[in-house]
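Report on the structure given below.
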Amino acid sequence: DVFGDILISMMLPSLSETKSAELSAFQVHDHLQLALALAAYHVDQGNYPDKLLALKPKYLQQIPLDRFSGKAIIYRPSEQGYLFYSIGRNEKDEQGQSFGDEPAGDDLRVEMPRKQ
């Protein structure tokens, strides 16, 4: 029993990281679907929608949620394109700041056009 308890206590952090990595992978997949739907909408309409709900049902059956917060993905259209993001593993809204930004954040971001 003691050996089993030790083994379980050693594996629990790994299981937590595995779940977080799985959520990130699914979120990236959802972001890809959303970006493709936005591209199709842009081709048809000549602009990006004011709200993601405009993609439903023609471009997406369901608008994906942020898998980390359980809430809507944060979407900000602009004159040139859009920014949308998930709050990421730390579950803090860092206004779309991601790993390569200064200051760095862990939001999972898609931006059109991309920052240079």
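The values are calculated or read from the model by the stated rules, or taken from the named source; none is laboratory data. Bear in mind the structure is a predicted one, so any value in this text is a computation, not a measurement. Every residue, glycine as well, gets a Cβ built from its backbone with ideal geometry; the counts of neighbours run over all protein chains shown. Ligands, DNA and RNA are excluded from the accessible area calculation, which covers all protein heavy atoms including side chains. Shrake-Rupley method; radii C 1.70, N 1.55, O 1.52, S 1.80 Å.
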Q: Assess whether GLN61 counts as being over 16 Å from GLU111 (Cα atoms) and either without any contact (Cβ under 8 Å) to a residue 24 or more places away in the chain or open to solvent by 90 Å² or more (accessible area, probe 1.4 Å) (or both).
A: yes
Q. For the subset of region 17-30 comprising residues that are of a type outside the set (Gly, Ala, Ser) and surrounded by 15 or more Cβ atoms within 10 Å (Cβ to Cβ), which member is farthest from the chain's Cα centre (by Cα)?
A. LEU23
Q. How about region 77-116: which of its residues are among the aliphatic types (A, V, I, L, M) and within 19 Å of LEU36 (Cβ to Cβ)?
A. LEU83, LEU108, VAL110, MET112
Q: Mind listing just one residue for me: the one in region 31-57 that is of a type outside the set (A, V, I, L, M, F, W, C) and part of a helix (DSSP H, G or I) and, of those, least open to solvent (accessible area, probe 1.4 Å)?
A: HIS31
Q: Could you tell me whether any residue of region 84-102 is among the charged types (D, E, K, R), more than 13 Å from the chain's Cα centre (by Cα) and open to solvent by less than 90 Å² (accessible area, probe 1.4 Å)?
A: yes
Q) For region 84-97, how many residues are touching a Gly at 6+ places or on another chain (Cβ under 6 Å) and either touching a residue at least 24 places away in the same chain (Cβ under 8 Å) or under 16 Å from PRO113 (Cα atoms) (or both)? A) 2
